[in-house]
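Working notes for the structure below.
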Amino acid sequence: MAGVIRISERVKGNHFVRQTVARAMQPVCARADITGLRAHDFRRSINSWLHDEGGGYDVWSRLMARSPPDITSLVYDQSKLIVPLREALVRWEKHVLACASPSQSSSGKVLVLA
């Protein structure tokens, strides 16, 4: 399929290869007539939102793929925090969808990508 990027082929461990995300964003940004948007902007946005929403440090650090700050957390805390991570991402999704809804858009320029 033309224009489809197979993310699964461009993953190292649990992380997406930086160039893959940037490459996937190019056609989306071109279609939406957006310039200057970088993948890191998404990371900064969710990070700020998590802090504003009172997201716990454990959830924030796992979503940001941060290394534990101390040896005890690194060695002994093996929790995946699946439920809190999922809840945070669902809340983020709802926030993004609300921001993208035509009623919330100040410019009225909302591009629905199917």
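Considering each residue of the stretch 60-80 in turn, at least one proves to be loosely packed, with under 10 Cβ neighbours inside 10 Å, hydrophobic (A, V, I, L, M, F, W, C) and at pLDDT 80 or above. With respect to (1) assigned to a helix (DSSP H, G or I); (2) touching a residue at least 24 places away in the same chain (Cβ under 8 Å), the lone exception for D41 is condition (2).
Report, by residue number, each residue of the stretch 42-58 that is surrounded by 11 or more Cβ atoms within 10 Å (Cβ to Cβ) and of a type in the set (D, E). Result: E53, D58. Taken together, the residues in the stretch 63-86 that are in a helix (DSSP H, G or I) and either under 21 Å from T20 (Cβ atoms) or touching a strand residue (DSSP E or B) at 6+ places or on another chain (Cβ under 9 Å) (or both) amount to 1.
The values are calculated or read from the model by the stated rules, or taken from the named source; none is laboratory data. Source: prediction; values computed, not measured. In this analysis, Cβ positions are derived from the backbone assuming ideal geometry, glycine residues included, and neighbour counts consider all displayed protein chains.
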